[in-house]
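The values are calculated or read from the model by the stated rules, or taken from the named source; none is laboratory data. Quick caveat, the model's predicted, so the values are computed rather than measured. So basically every Cβ, Gly included, is an ideal-geometry build from the backbone, and we count neighbours across all protein chains shown. These accessible areas exclude ligands, DNA and RNA; they are computed on the full protein's heavy atoms, side chains included. Shrake-Rupley method; radii C 1.70, N 1.55, O 1.52, S 1.80 Å.
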Amino acid sequence: MDEELKSEIEGMIGSVADERARSHVAKALKYVGDASRRLIVANGVAKARESGHDDLALKLARLAHEESPEDPFLLLEVCGSMGEPQETVNEIEKYRERVGLDSLPLDERQKVTVALAEAYRDAGRKSDSVQLLEELNSELARAVELLAGQYLEMGEPQKAVDLLYERLKYVGKLTPEMVSCMASGFDALGDYKQAFDKLAQFQEDAAVQPIFDKARAELGFPVEPGGQKIPRLSFEHPQPDDYERKKAEDDLSSLI
């Protein structure tokens, strides 16, 4: 262990005014190097960061990572304590060369890759970020948020909408950031018929409902309170009750 860095951290702990945060950081330092207690170490790093001691958080995270250099969990703690995105890029790329992400369990590999993609974006390397996320094809919420947001920034709202619609179909819900991206995507497209068609079956979802209601209004139907029946559109396309009928037919078919 780097005794000089450890001693420096011990000296810095005394400057933490919040007694509870100070206790968590001291406990984390005690367990640095113990793989079974890495969550305690991570909690100490987080408490240092939350209490405004970013330099202490970074030093503690670095010490822990130096003791367990192949641990991706502690790598992410280091990256989360860094102030500059390029520093995060450098740290993860060095780790990737040294350890190789393919050797990690899927969940950890995806989290490290998403952290790298976010750092690429923040460092101005958006094309690298998008390529990495597309190749990863992860269901992690942060991966989807990053990719959808960058599609919008790159002037490709249809890609953002399609990505989020697939997420909604297979996961059943969107995060607030995803909902915002979807709304922005439909607004950029100006294609409210598509919004109506895609979201009719999800209109009861409180997060999605405002987007669906806007599509209804843009198509000329007033948004009626109290859950009244949606008027049928004047042109040919799947109607809300068509979705319900199709679902009932599918349910019946599964029983036969």
Practice task
Please give every one of the aspartates and glutamates within straight-line cross-link reach of residue 6, meaning a C-alpha to C-alpha distance under 18 Å, and leave out same-chain neighbours fewer than 8 residues apart.
Solution key: 34, 54, 55, 66, 67, 77
Practice task
Extending each Cα 7 Å along its Cβ direction at residue 103 and residue 171, get the distance between those two points in nm, one decimal.
Solution key: 3.0
Problem - Selected from 160, 35, 143 as most flexible by GNM, with the chain as the system and alpha-carbon contacts under 10 Å - result: 35
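Excluding residue 185 itself, what net charge comes from residues whose Cβ is under 10 Å from its Cβ, given Lys and Arg +1 and Asp and Glu -1?
Details: positive: 159; negative: 156, 162, 187, 191.
Around residue 185, the surrounding residues sum to -3.
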Completion exercise
Given a 1.4 Å probe, the accessible area of the chain per residue, as a whole number of Å², is 54
Fill in the blank from the handout: Expressed as a percent, the accessible surface of the chain that is carbon or sulfur, using a 1.4 Å probe and the full set of protein chains, is 48
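Using the Cα gyration tensor of the range 113-193, with a ≥ b ≥ c the square roots of its eigenvalues, what is the shape: rounded (a/c below 1.5), prolate (a/b larger than b/c) or oblate (neither)? Before the final figure, lay out the partial values.
Details: a/c = 2.14, a/b = 1.38, b/c = 1.55.
Verdict is oblate for the range 113-193.
Order 204-214, 90-100, 174-184 from most to least packed using the mean count of other Cβ atoms within 10 Å.
Working: 204-214: 16.4, 90-100: 14.6, 174-184: 18.9.
Descending packing order for the listed peptides: 174-184, 204-214, 90-100.
Over the chain, what is the relative contact order in whole percent, taking alpha-carbon pairs under 8 Å and six or more residues apart? Kindly include the intermediate steps, with their values, before the conclusion.
Working: 251 pairs, mean separation 22.0, N = 256.
For the chain, the relative contact order is 9 percent.
Tally Lys and Arg at +1 and Asp and Glu at -1 over the other residues with C-beta under 15 Å from the C-beta of residue 124: what net charge comes out?
Numbers: positive: 121, 125, 126; negative: 84, 87, 118, 122, 128, 153.
Result for the neighbourhood of residue 124: -3.
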Exercise for the section: May I ask for the net charge around residue 51, where only other residues with Cβ less than 13 Å from the Cβ of residue 51 are counted and Lys, Arg are +1 while Asp, Glu are -1? Expected result: -1
Exercise for the section: Could you check which residue among 37, 109, 216 shows the biggest mean-square fluctuation in a GNM of the chain with a 10 Å Cα cutoff? Expected result: 37
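Using helices alone, I'd like the mean residue ellipticity at 222 nm for the chain: each DSSP H run of four-plus residues gives -39500 (n - 2.57), total over residue count, nearest 500.
Numbers: 14 runs with 177 residues, N = 256.
Calculated mean residue ellipticity at 222 nm is -22000 deg cm²/dmol.
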